[in-house]
Every structure is written in structure tokens, then in C-alpha cells.
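Please read the structure below before turning to the comments.
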Amino acid sequence: MQMKNKEDTIAGQKYRFLIVDDSVFARKNAAKVVEMLGGIVVGEAATGKEGVEQYFKLKPDIVILDVSMPEMEGLEALAKMREKDKEAKVIIVSSLGYQELVKKALSLGAKHFISKPFEPQKAAEIIQFVLKEIK
Amino acid sequence: MDDLSLLQLSEDDVKSLKETFYQQSTELIEALINESLSIEGCKDIDSKLKTIKRIFHTLKGDSASIGLKELSRLTHKAEDLIQAIENKLIDIDNNLTDLLLKVADCIKETIEASMTGKDAPMVSVIIDTIDEFIKTSGDGQLDNVEPALFLSLSEYEKLLVSEYRRQGKAVYSGRLSFSKDCQMRSAGAIIISQQLTSLGDIVKMSPNLDSKEIESVDVIEIILASRMSKEEVKNLCNIPGVVGDVIMDELREEAFAITPRDTSEAQDPSATTATISPTGTIRVESEKMDRIMDLVGELVIGRSMIAQLVSEFEERFPREEMLARFSYANSFIERSLSDLQESVMKVRMVPIGRVFKRFPRVVRDLAKASNKDIKLVIHGEDTEVDKGLVDVIGEPLIHIVRNAVDHGIETVEERESSGKGRQGTIMLEAYHQGNDIIIEVKDDGIGIDPKRLKEKAVEKGLISKNELEKVDDKAAIDFIFLPGFSTAKVISEVSGRGIGMDVVKTVVEGVRGTIQVKSGVGSGTIFILRFPLTLAIIRAILFNAGGRLFAIPIGSVKEIVRVFTKDVESVAGKEVLRIRENVIPLVRLEEVMNLGKKGGMRDKLFVIIVSRDDRDTGIIVNSMVGEEELFIKAINDHWVNTKIVGGASILGDGKVVLILNVDAIIKKAGGKDSRR
């Protein structure tokens, strides 16, 4: 699949991202992808609880959320975001082997999922795919 | 990764990413080594494999992210390996542990090398090793592609289609194949379904969302009604991270009337037949089949017990009214039982292809090793043979084929100079002939030279010069079956190890088969292996000799003659019998088996004449008992070691009968010397 010209989809807009992940490496990686796509990382959180707080404080356009964090934090966070904000756009990130969590997340209204580890190219494509919907 | 060009990371970024990666991967490798070491004999193997796979996957993604292409390739291959284990294509054993540790080491070294800027180890070598491992362990079954699922619409779904058409929507038939990167297919399928819903109305999705099949299929087939154009739908179905490839076709009305789809792939008949009409096969563990077979065997014995009782009953109470009903019930059981027997036999039959499929690779590797150009032709892989035969025949066949490659087929230069084509051919063929199964291994190589065999036999002291004079060329070929015989000038790496032709012969005879070899100097060699159709039950002639009960497979019996004792002549200290124009050597079982008890010295004798490859031998018997169906049981008795007894069975009255191995008897009688 050919990557579209980034101007096509981003159209100069500065989309605001929140990244929720317990792995530093994954957060760094996700942030790089977001920045390369022309987005701004407005916040980072290492736990689900923190993520929910940040979401309602920062009101980002898109959340990149790890659902395979310990104790189902991710899923709970997703549920809380979607509960209070029906428009919340969440892309979930999950390590392999958590498919049931991913499926639950999708049924809770997550827009797409990215398999961990983060492959920049793939992640970028997925984020753009979801951004199209916002536009 | 040229796509990284899109994401131009600064040098500092790369450095810090690399550092994070290095820390994380060191931990992962440690975990990998621990997991690998405990994989053998682990109880919860599934979760262990999952953990290992996750480690590889994480490493794959991370290494790709920081541009370690080679490492990403290696870990990807390692994932394939774990997949193959999960699919039960590979057994978990010591070799696997070794390989996993090797992979772990290689990953570690590669990462260290990239951190320190040293030369990376030979990643591609390890990748090849994994490939080789998967192929040899799993017979390359990984290559098998799942047949595409065929969409068949129910009446209701057809109704839906016509309703959508009435609404002015176009109906599309699509095949969305999962992207390689999509590790979570049922989650991916949810996204596909959500996306399709936003494009139009889904008429059918196969497999459907809740189906467990989703995880194992590569393609999701859909029928979708939409107001969008084909191109739009196609593009929007291209969901990154989930869908790899989309084939979208508009379903025209007329096409739809005949078949619900008209994509080019739909024409592939193999893809459809496999799934349209499930053949209703079930898989049963072979142990269970063996158990049923054993029980049938017991029943056969039970039946003959009843038959025995019926006849005793008849003798004792000839006027008993119930007798007729009794024997009717008996014959009823007999009929049903033989039907049952036959059915079970059929179930035990499996295609010989299961053995043959190993050969293309075997021949390829052997040919490569000996630097020859060899084509393997396989015929009759569908021929059904007894499961027991499939279990044992592989090794002997490999040995024969190995010999053909090594000693049979000439090198390219030799072939060209003798006017043959560069490429040698080995043919492997199986077919039924009467009640036998024949397996042939034929090559168009140099053939076996009887002169050289003779020289060799004398040289090895296997035969004396005097004896040799009596042996003609045809018989000399059988020397290859003598223990300790090898004609290869140099014992080559290929066929110089493992089992010899004598062992091949023993194995073949162990399942009551025979092996025959024909050869023409310069034109090639053919091995003909002949096996009985079923291994477990035989029809046999029963007789007494030396105070014991014996049986001989009816197929080996040429004729039974009754002769006067005075007709038996003695030639060179051996008893022979003149029948018509032929002189046939005679065997007394009590002598060859050292039973010690001499048979009766009556005026008249029964002689059972058995024959194999035009060699006749007579067995002197005390009395004939009859003909019966015998269920062969393996016995651990020193008779087995003499090879004269091939098995045993129990009769209705509980008596044990020993089943004779005809070939061994003929050999014992020196049948070779008396050929016509």
C-alpha cells in the first residue's frame, strides 16, 4: 500500500494527540510518529487513570492508548473516555496476545488498533486512516 | 526500510531510540533464553509458545523501527517457527531448544554489534537454518495455503440482494486478504466489518465475525451493497494494518443467478471443492484405530470358538431342535463379523502418498550431495495401503532410493558419454495387483553387474567358488541382500551409512512382503516390493508337523500333494521329491526348527508345496487341519528370531498356531539350487 502524501490527509492541521502507554519506549516511538505526521503530542500518561484525567483536561483530538497495560487499565480508561465523550477518537495499541482486549476495546468504540511493537510506517498509516474520519 | 524516509528522524532521536531499544531487548533476550530452556516437557506449552512468540514479535517490531533490517527478518522467521510449532508441524524436542538458543544468541550478537558498530554475525545463516528446520520437521507443510472460502448465499440473503438492487445500490463481491502485519485477525475483522458498515450494507461476510475460523483464514469474503463506485469501495476497504490486498468485483444480476461471485479467483476449482461440500471426514487417532483392529481380531477368535462349539454341539446332540437356530445365529455373526472386518480394514487404508511425499526432497538433497541431475517421478500416490505398512515402509524405501541415487544413476558426464540424457530418472510407483500391493523403485542408471557381484561375493567370503558356478546371473543379483554386502567402490557418504539391503529385506519380510530386484547392465535397476493388502488378517492353511500346529498363508501355497514315503528321494543328503518333471527340495519343520520330535513314518505323506519367484519347496506335514482366517499377533518368542515363524494366532479352541514365513523356509531348504 502506498503511503499518501502527508499533506493530503493532514492538510496542515495540527492535530492534538494524547499518548497513554506504560512503556517509555512505546511512548517515545508513538510520539515520533505523531510528530512526523505533523501532529502535536499534547500529553503523555503512563497509567490509565492518568490518561483519563489528561484526556478531560487537554481534550486531544486523538488518543493513542495501550490496552494491554496491567489490570485492564487501558480498557477502563477507554470506557471512561467514551462514556463521557461520545466523540472520543481512540486508537488503541496492544501487544500480541491481547486480542480479546482489543476486541472489547473496538466494541467500546475504539477506532482502530495498532499492534505493538510500534512499526512507524504502519502506525502512521493507521493514524492517517483514522484522521480521515475527523476531517 | 525505505519508508523510514517518510519519518526522517534526527540522529539524536535515533540514538536515544536505540538506547531504549537496547535496554529493552537485553531483557527480552534473557527472557527468551529462559523460556527456550524450559520449553521441553513444559505442561502449559501454549502459553509458553505465546510468550516466546511475543518476545520475537516485540523484537521484530523494535528492530524494524530502528532500522535493523536483518534482525527484523530473523525475528520474523523465528515467529514463523513458533507458528509452525503451534500448528503442531514441529515437535518440541532437544533440537528445537538448540535452535531457539542459537537464535537468541544471534539476536544478542546482532544487537551488540549494532551498538558497538562491529560486524554483525551471519544472520542469514541462522535464517536458513530455521527454514531448513521448519521444512525438514514439518515436511514443508507451511507452504500449504488455506483454500479460499466460498460464499454461498441463503435464500434470505438473495432476497436482500435483490432488495438492495431495487434501491439502486450496486452489489459487490470482494475478497479482502489480511495484511501480513495483522496479528489479531478477529479484531481486524471487527474493523473490516465497521468499515464496511460505513460504506453500505453487508449482505454476507465469510467467515463471519464470531467465527473461530477468522484466526486461521487469510481472506475474508464479502458481499456488500453500496451506492459508492467499485473503485471507492475498493479503496476504502484498504484498511491499513488490517487489510493487505483487496479484490472487488461488481456482482451482475445474470452472474449472480448462477454463482454468487465472478471474481477471477473464483474460477480456481481446487479452492472451491474443498469447502463447498464438506466430505464429512473425521480424524481419529491411529491408536484408537489400532485398538478397534485388535478388538476385531479378538472377535475373529471368538467367532471361531463359537464355530467350534457349534460343531461339538452338533456331534453330541445331533437331534437337538435348537441346533438349526444355533447354527443360524452363528452364521449370522460370521457374516456380520466379516463385514465388520472388511470395513475396519478399509478404514485402516491410507494413501501411500503419505510416504511418497518425503521423496522429492530426499532425492533432491541426495542428488545435490552427489552432484547428479536426477528427476523423481511418482506414480500412484493415491494407492491405498494398510496403515501398518505406511508406518514401516518409509525407511526401506529411502534406502533403496538412496542406493539408486548413489550407485544407480551415473554422473552427468558418465551419462553423456554413454549416450544417455543428462538427467537420470528415478520412478517411484505404487499399484494394486490382485490381493497385493506393489511398490516399485526404478532407475535408469548403470544397473547392477552380476559379474562384479559374484567377484565381490567370493572376495567377501560369502560364497565359495564352487558354489558360485551353480549361480546364474539372475540369482547373483540377490547377493545384494546378503548381510555385509556392498558393491560401492568407495563407501560414499550418501548410502554408506545406516541400513543395508539385508536390513531392507528383513523389514519388508517383517510385514509379510517380498522384495525382488531386476537389473540390466547399463539400463537400470528395478526393485519390486510386494505386500499383502492387509497386514493383520490372513487366510491360511493349517497343518500339523512335528507335534505342533502351523499355518502357511494361502497365497504362498502352490499345491498340496499326497505322496508315498518311498517317492522321497535323497540327493546329496537332502530329501527331494520328483513331481512331474521337477525336483523339489523338501523340508521337515521338526528338523529346521529343532523340534526334536520326528514325524510319523507312515506310508503316505502330505507335502505342501510353496512357491516364490519360481522356486518351489515342499514342506512335509503330518496331517492337514484345514483352512482358516487368522488374526496375526506379534509374538516374542525365540522362533521369531529364526525368521521361520512370521507371527502367531490363536484358534477358536484356544490353540496357538505359528504362521510360517515362506521365504525363510525356501531359503532354509536351499531352494535356490533347485530352480528349473
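Summary of values
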item: Test for B:Glu30: is it away from chain A (no Cβ under 11 Å), assigned to a helix (DSSP H, G or I), more than 32 Å from the chain's Cα centre (by Cα) and not aliphatic (A, V, I, L, M); result: yes
item: Wholly enclosed strands (runs of 3 or more DSSP E) of segment B:506-609 bearing at least 1 residues touching a helix residue (DSSP H, G or I) at 6+ places or on another chain (Cβ under 6 Å); result: B:514-520, B:524-532, B:537-545, B:582-588
item: Residues satisfying the stated conditions in segment B:282-320, i.e. within 18 Å of B:Val350 (Cβ to Cβ) and either touching a strand residue (DSSP E or B) at 6+ places or on another chain (Cβ under 6 Å) or assigned to a loop (DSSP other than H, G, I, E, B) (or both); result: B:Ile282, B:Arg283, B:Val284, B:Glu285
item: For B:Ile222: the one exception among (1) touching a helix residue (DSSP H, G or I) at 6+ places or on another chain (Cβ under 8 Å); (2) more than 27 Å from B:Thr75 (Cβ to Cβ); (3) modelled with pLDDT under 85; result: (3)
item: Residue list for segment B:49-82, filter: assigned to a helix (DSSP H, G or I), away from chain A (no Cβ under 12 Å) and not acidic (Asp, Glu); result: B:Lys69, B:Leu71, B:Arg73, B:Leu74, B:Lys77, B:Ala78, B:Leu81
item: Qualifying residues in segment B:215-244 (those that are of a type outside the set (A, V, I, L, M) and in a helix (DSSP H, G or I)) - the one farthest from the other protein chains (Cβ to nearest Cβ); result: B:Lys230
item: Residue that is of a type outside the set (Asp, Glu), modelled with pLDDT of 80 or more and within 15 Å of B:Thr110 (Cα to Cα), where the choices are B:Ile29, B:Ile66, B:Ile33; result: B:Ile29
item: Segment A:15-24: number of residues that are touching a residue at least 40 places away in the same chain (Cβ under 8 Å) and farther than 17 Å from A:Tyr55 by Cα; result: 1
item: Residue among A:Glu119, A:Glu100 that alone is within 14 Å of chain B (Cβ to nearest Cβ), of a type outside the set (Phe, Trp, Tyr), touching a Ser or Thr at 6+ places or on another chain (Cβ under 8 Å) and free of Cβ contacts under 8 Å to residues at least 24 places away in the same chain; result: A:Glu119
item: When residues of segment A:32-42 are limited to those that are facing chain B (nearest Cβ under 10 Å) and within 18 Å of A:Phe113 (Cα to Cα), the one surrounded by the most Cβ atoms within 10 Å (Cβ to Cβ); result: A:Val33
item: Residues satisfying the stated conditions in segment B:292-339, i.e. under 25 Å from B:Lys655 (Cβ atoms) and among the basic types (Lys, Arg); result: B:Arg303, B:Arg316, B:Arg335
item: Checking B:Lys180 against (1) surrounded by fewer than 17 Cβ atoms within 10 Å (Cβ to Cβ); (2) over 38 Å from the mean Cα position of the chain (by Cα); (3) closer than 13 Å to B:Val242 by Cα, the condition it does not meet; result: (2)
item: Candidate set: segment A:80-97, residues that are within 14 Å of the chain's Cα centre (by Cα) and closer than 23 Å to B:Asp210 by Cβ; chosen: the one nearest to the other protein chains (Cβ to nearest Cβ); result: A:Ser94
item: Residue count for segment B:410-452, restricted to those that are at pLDDT 90 or above and β-branched (Val, Ile, Thr); result: 5
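The values are calculated or read from the model by the stated rules, or taken from the named source; none is laboratory data. Model, not experiment: these values are computed from the prediction. Every residue, glycine among them, receives a Cβ derived from its backbone with ideal geometry; neighbour counts consider all protein chains shown.
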